[in-house]
1. Name the residues in region 54-75 that are closer than 19 Å to residue 43 by Cα and buried (at least 20 other Cβ atoms within 10 Å of the Cβ), would you?
2. Is one or more of the residues making up region 89-106 farther than 18 Å from residue 41 by Cα, modelled with pLDDT of 95 or more, touching a helix residue (DSSP H, G or I) at 6+ places or on another chain (Cβ under 8 Å) and surrounded by 18 or more Cβ atoms within 10 Å (Cβ to Cβ)?
3. Return only the number of the condition from (1) under 14 Å from the mean Cα position of the chain (by Cα); (2) part of a loop (DSSP other than H, G, I, E, B) that residue 94 does not satisfy.
4. Which members of region 13-47 meet the condition of being in contact with a strand residue (DSSP E or B) (Cβ under 6 Å, 6 or more places away or on another chain) and without any contact (Cβ under 8 Å) to a residue 40 or more places away in the chain?
5. Could you grab me the full set of residues in region 109-119 that are outside any loop (DSSP other than H, G, I, E, B) and within 10 Å of the chain's Cα centre (by Cα)?
6. Checking residue 87 against (1) in contact with a strand residue (DSSP E or B) (Cβ under 8 Å, 6 or more places away or on another chain); (2) touching a residue at least 60 places away in the same chain (Cβ under 8 Å), only one condition comes out false. Which one?
7. Have a look at 64, 57 and point out the one that is assigned to a loop (DSSP other than H, G, I, E, B), out of contact with any strand residue (DSSP E or B) (no Cβ under 6 Å at 6 or more places or on another chain) and closer than 21 Å to residue 117 by Cβ.
8. From (1) in contact with a helix residue (DSSP H, G or I) (Cβ under 8 Å, 6 or more places away or on another chain); (2) exposed (fewer than 14 other Cβ atoms within 10 Å of the Cβ); (3) part of a strand (DSSP E or B), pick out the condition that doesn't hold for residue 84.
């Protein structure tokens, strides 16, 4: 953790039928999100993560194409944040990662994520 008590991270979010907000920049009317089960979202994100880990894809490129978060426009970059600014499972994971490390699947009310600590 940095001396300011903040981390920098990027993420890829896949929303599903259980997500609290069922629309995104990629799916404004929510039709895809409503039709996506949590298991399907996890499967898609697991495949994306595997491709990144073996070097087949770049995190930023995949985030730009597939993330349901508006941070996709910045390659998934969320910038710096401190404790209490993100949903708890997301925050706990981001703070536990080493710089450059990519998380396993993280469940939040927003959907499922993979997180990359960038600073």
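The values are calculated or read from the model by the stated rules, or taken from the named source; none is laboratory data. Here the structure is a predicted model, which is why all the values come from computation and not from measurement. Cβ sites come from the backbone with ideal geometry, for glycine too, and all protein chains shown count toward neighbours.
1. Matches in region 54-75: 59, 62, 63, 67, 68, 69.
2. Filtering region 89-106 for residues farther than 18 Å from residue 41 by Cα gives 91-101.
If we keep only those that are modelled with pLDDT of 95 or more too, we end up with 91-101.
From the residues that got through so far, the ones that are touching a helix residue (DSSP H, G or I) at 6+ places or on another chain (Cβ under 8 Å) too are none.
Taking every residue of region 89-106 in turn, none turns out to be farther than 18 Å from residue 41 by Cα, modelled with pLDDT of 95 or more, touching a helix residue (DSSP H, G or I) at 6+ places or on another chain (Cβ under 8 Å) and surrounded by 18 or more Cβ atoms within 10 Å (Cβ to Cβ).
3. (2) is the only condition that residue 94 fails.
4. 44
5. Pass one, region 109-119, residues outside any loop (DSSP other than H, G, I, E, B): 111-117.
Once the filter is applied, which keeps residues that are outside any loop (DSSP other than H, G, I, E, B) and within 10 Å of the chain's Cα centre (by Cα), region 109-119 yields 111, 112, 113, 114, 115, 116.
6. Failing condition for residue 87: (2).
7. Working: 64 fails: assigned to a loop (DSSP other than H, G, I, E, B).
It is 57.
8. For residue 84, the failing item is (3).
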